[in-house]
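Some notes on the structure that comes next.
The values are calculated or read from the model by the stated rules, or taken from the named source; none is laboratory data. Everything quoted here is computed from the prediction, not taken from an experiment. We place every Cβ from the backbone using ideal geometry, glycine too, and count neighbours over all the protein chains shown. Surface accessibility is based on the protein's heavy atoms, side chains included, excluding ligands, DNA and RNA. Shrake-Rupley method; radii C 1.70, N 1.55, O 1.52, S 1.80 Å.
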Amino acid sequence: MKTKFFVIAIALLFVCTGAKAQDKVRSLTLGFAPMGFNHVSITLDDEEYHYDYKSYWNANIGYERQFKGVVSLTEFTYSKAKFDEYDLKGNSIWFNPAQTEDLTVMSVTTYAGKTINPNKRIQFPVYIGIGGEYLSGGPIHNLAIDLALKARVKFYITDKIGIYGGGTARIGYGMKKASEKDASNKTYYSVVPTMWALDAGLVIGL
């Protein structure tokens with residue numbers, strides 16, 4: 001009985017002791033999201049065009065810094081999603097809304113947040129970020145400014161190598177030209193992309 005208790009105690013100690021001795025930690029993150037969903041809305045007055053995309057995936061690379069639980073992350077993401085369905089209300093003269101191409105998105109986001117249980121084998125970082133993305137596919141060829149939320153669970157196998165799993169949600173806003181008026185009085189559609197995804201990857205200490 002004492003032996004079993006000793007083994008359990010050592011295992012718990014391994015989990016709870018720090019993976020990093022330093023307060024300052026810099027890491028490279030490499031991730032892949034095999035599951036997610038995209039939705040894009042294009043609206044102006046009574047016109048509403050909604051597009052859903054499925055079979056979402058992305059690949060991402062990031063640079064993360066952590067200091068006493070305060071964490072920052074700059075991440076580049078490349079994603080693809082297949083057209084699923086649309087809901088069209090209106091008849092735009094400025095673009096053809098009835099298009100069914102797949103969607104490609106490239107984004108750069110800078111996050112800041114807090115790590116629960118910092119400098120330990122198991123960590124729980126939560127981030128909020130702002131960034132930009134370029135969307136391409138069908139009637140959508142637009143830049144958007146984004147607000148993003150991200151949460152992860154990280155487990156350090158060694159002091160320098162870890163793995164993570166988590167999720168990301170994002171909402172953006174962009175504009176699409178809807179008139180040929182002079183530059184001081186142009187009209188624009190509102191373009192609102194939303195996304196969520198589940199991902200996993202590696203954390204490599206630098």
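Would you call Tyr49 open to solvent by less than 60 Å² (accessible area, probe 1.4 Å) and part of a strand (DSSP E or B)?
yes
Every residue, every condition in (1) within 18 Å of the chain's Cα centre (by Cα); (2) hydroxyl-bearing (Ser, Thr, Tyr); (3) over 22 Å from Leu73 (Cβ atoms), yes or no:
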{"residue": "Trp94", "(1), (2), (3)": "no, no, yes"}
{"residue": "Ala98", "(1), (2), (3)": "no, no, yes"}
{"residue": "Thr104", "(1), (2), (3)": "yes, yes, yes"}
{"residue": "Tyr111", "(1), (2), (3)": "yes, yes, no"}
{"residue": "Phe124", "(1), (2), (3)": "yes, no, no"}
{"residue": "Gly131", "(1), (2), (3)": "yes, no, no"}
{"residue": "Gly138", "(1), (2), (3)": "no, no, yes"}
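All but one of (1) in contact (Cβ under 8 Å) with a residue 60 or more places away in the chain; (2) closer than 17 Å to Gly62 by Cα hold for Gly113; which doesn't?
If we test Gly113 against (1) in contact (Cβ under 8 Å) with a residue 60 or more places away in the chain; (2) closer than 17 Å to Gly62 by Cα, just (1) comes out false.
Which of the residues belonging to region 65-80 are over 14 Å from the mean Cα position of the chain (by Cα) and surrounded by 21 or more Cβ atoms within 10 Å (Cβ to Cβ)?
Listed by number, the residues that qualify are Gln66, Val71.
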